[in-house]
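Colleague: I have a structure I would like to understand better, so I am pasting it below and will then ask my questions one at a time.
The values are calculated or read from the model by the stated rules, or taken from the named source; none is laboratory data. Values in this document were obtained by computation on a predicted structure and should not be read as measured data. Every residue, glycine as well, gets a Cβ built from its backbone with ideal geometry; the counts of neighbours run over all protein chains shown. Surface accessibility is based on the protein's heavy atoms, side chains included, excluding ligands, DNA and RNA. Shrake-Rupley method; radii C 1.70, N 1.55, O 1.52, S 1.80 Å.
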Amino acid sequence: MNQNPGSDIERILSRQEPSRIVFAPNYWQWFAHHRNHGILPEELTGCENQLDMIKYLGVDIFSRNIYCIQDEYWFGGICDEYFEDHNVEVSVQFDNRNKITDKEYHLRTGRLSEKLVYLFDESTIVQKEFLINDYKEQAGLFEQFVTSRKWKFNREKFEKAKNEAGDQGIVIVGDFFSPLKMLHLTMGAVNSVYFLMDQPEFAGRLMDIHEEAQLDLVKQTVSNGVKVIMSMDNLDTMFHPPQYVEAYSASFYEKASSICHEHGAKFFIHACGDQKGNLKLIDSLKVDGLEGVAFPPLGDVELDEAMQLTSDNFIITGGISAMETRDLKTRQEVFKYVSNLFTRMKPFRNRFIFSASCNTSIDTTWNTIIDFRDAWLEYRQ
């Protein structure tokens, strides 16, 4: 349906006026759920993955998950994680079709483990057991883990994803996460706060080590020609309040952005939940944009307001949340919603990408997906 859709995305990344509004939805969870449960609509017969669905619909690609393995982790899939001086054992078992993944890290002086469960009925992953459950008792092991963990950009994986996407858009490498998010992923958000308050110097040292390893990966990635990378932080003021971002993540964001710009690339952060309190701070760090800004009631700022709170260089993606795909029942309601949104966003077309605020919920109907696509086609000019 689109002629050279990638060129309009390139224009937005250069802050130039696109020929029409870009629509880059995220069907990752929706497609996997419907495929795995045998309920794909007839129109998608023969589609093997989300990318096939995107191509069938004729929408744009501005994606960091067309290459992700849906039942293994929430993000990643291009860069390879490795450890310099210990090994990892991964075991998988199934319980009522739920996939249980146990990871055991054998360190020099002991072991750490974590457990992930893929819930088949919900088509999502949850963390059942964190790597760190007692940061005082496991301090030495935690330091060994963080110190020895490294990443390597896998050019072959990226080129495969890029070639599969073709000229329909841009593949984002979303294998990155900030020092604060590292704590959230290893011990949970609540214990991260206790850790930062109780042992600030030790926590700071570990976050510095993580930041250095991630910045090395940023350099590897953009020096290999990647145009856009993304830090998968769920940048929500509930878990990333401005004072925490400034203290623990700002250095990473600013340095990563600088490295990207030196190589002609862009740096984004995945957003989720409330964003208003962080917008000006994130913009000041020269970050290029946020993916999936949620608006009320799931977030705390309207998209056009977010545009007004940020500079003329700041890109925001969003516009469809689970509320719209659930509550807009008719084609007429969808068309009215999209028309009103595009009218409000018209002054910001050079830095707006129409997309899901986070993902497309599994209970979204196929008709609703078609209606949003068709409404975009109707009003995109």
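Colleague: Any residue in segment 216-229 that is under 19 Å from E10 (Cβ atoms) sitting within a Cβ distance under 6 Å of a residue that is in a helix (DSSP H, G or I) and hydroxyl-bearing (S, T, Y)? List the pairs, counting only those 6 or more apart or interchain.
Modeller: Between residues of segment 216-229 that are under 19 Å from E10 (Cβ atoms) and residues that are in a helix (DSSP H, G or I) and hydroxyl-bearing (S, T, Y), the close pairs are I229/T221.
Colleague: Which residues, taken from segment 313-331, are open to solvent by 80 Å² or more (accessible area, probe 1.4 Å) and free of Cβ contacts under 8 Å to residues at least 60 places away in the same chain?
Modeller: The answer is R326, K329, R331.
Colleague: Assess whether V334 counts as being open to solvent by less than 10 Å² (accessible area, probe 1.4 Å), closer than 30 Å to E122 by Cβ and out of contact with any Leu (no Cβ under 8 Å at 6 or more places or on another chain). Talk me through it step by step, then tell me what you get.
Modeller: Working: open to solvent by less than 10 Å² (accessible area, probe 1.4 Å): yes; closer than 30 Å to E122 by Cβ: yes; out of contact with any Leu (no Cβ under 8 Å at 6 or more places or on another chain): no.
No; evaluated as a whole, the condition is false for this residue.
Colleague: Can you tell me which residues in segment 71-80 are in a loop (DSSP other than H, G, I, E, B) and open to solvent by 20 Å² or more (accessible area, probe 1.4 Å)?
Modeller: Within segment 71-80, D71, E72, Y73, W74, F75, G77 qualify.
Colleague: What is the residue count in segment 226-261 for residues that are farther than 22 Å from C358 by Cβ and open to solvent by 50 Å² or more (accessible area, probe 1.4 Å)?
Modeller: Residues meeting the conditions: 9.
Colleague: Determine, yes or no, whether S357 is polar (S, T, N, Q), without any contact (Cβ under 8 Å) to a residue 60 or more places away in the chain, open to solvent by less than 30 Å² (accessible area, probe 1.4 Å) and within 27 Å of E17 (Cα to Cα).
Modeller: No, not satisfied.
Colleague: Going by what's in this entry, would D167 be described as under 21 Å from I78 (Cβ atoms), surrounded by fewer than 22 Cβ atoms within 10 Å (Cβ to Cβ) and over 17 Å from the mean Cα position of the chain (by Cα)?
Modeller: Criteria met by D167.
Colleague: Let me ask something else. Among the residues in segment 283-294, are any over 22 Å from Y56 (Cβ atoms), at pLDDT below 95 and β-branched (V, I, T)?
Modeller: Keep residues of segment 283-294 that are over 22 Å from Y56 (Cβ atoms), which gives 283-294.
Applying the additional criterion that residues be at pLDDT below 95 yields 292-294.
Among the residues that remain, those that are also β-branched (V, I, T) are: 293.
The answer is yes, given that some residue of segment 283-294 is over 22 Å from Y56 (Cβ atoms), at pLDDT below 95 and β-branched (V, I, T).
Colleague: With E42, E84, E72, E104 as the choices, which residue is of a type in the set (D, E) and in contact (Cβ under 8 Å) with a residue 60 or more places away in the chain?
Modeller: Sole residue among the options that is of a type in the set (D, E) and in contact (Cβ under 8 Å) with a residue 60 or more places away in the chain: E84.
Colleague: Here is a further query. Please work out which residue is farthest from L185 (Cα to Cα), limiting yourself to segment 48-61 and to residues that are open to solvent by 20 Å² or more (accessible area, probe 1.4 Å) and of a type outside the set (K, R).
Modeller: Let us first name the residues in segment 48-61 that are open to solvent by 20 Å² or more (accessible area, probe 1.4 Å), namely 48-49, 52, 55-56.
Applying the additional criterion that residues be of a type outside the set (K, R) yields 48-49, 52, 56.
On the way: E48: 30, N49: 27, D52: 31, Y56: 35 Å.
If we take residues in segment 48-61 being open to solvent by 20 Å² or more (accessible area, probe 1.4 Å) and of a type outside the set (K, R), then Y56 is farthest from L185 (Cα to Cα).
Colleague: Still on this structure, please answer the following. Among the residues of segment 279-309, which ones are under 24 Å from A247 (Cα atoms) and surrounded by fewer than 22 Cβ atoms within 10 Å (Cβ to Cβ)?
Modeller: Passing the criteria: K280, L281, D283, S284, L285, K286, D300, V301, L309.
Colleague: Which condition does A24 not pass, out of (1) touching a Phe, Trp or Tyr at 6+ places or on another chain (Cβ under 6 Å); (2) small (G, A, S); (3) over 17 Å from T364 (Cβ atoms), if it passes all the others?
Modeller: Status for A24: all satisfied but (3).
Colleague: Could I ask something else about it? Consider N133 carefully, then state whether it is more than 15 Å from R111 (Cβ to Cβ) and either in contact (Cβ under 8 Å) with a residue 40 or more places away in the chain or not aromatic (F, W, Y) (or both).
Modeller: Taking the combined requirement at face value, the residue does not satisfy it.
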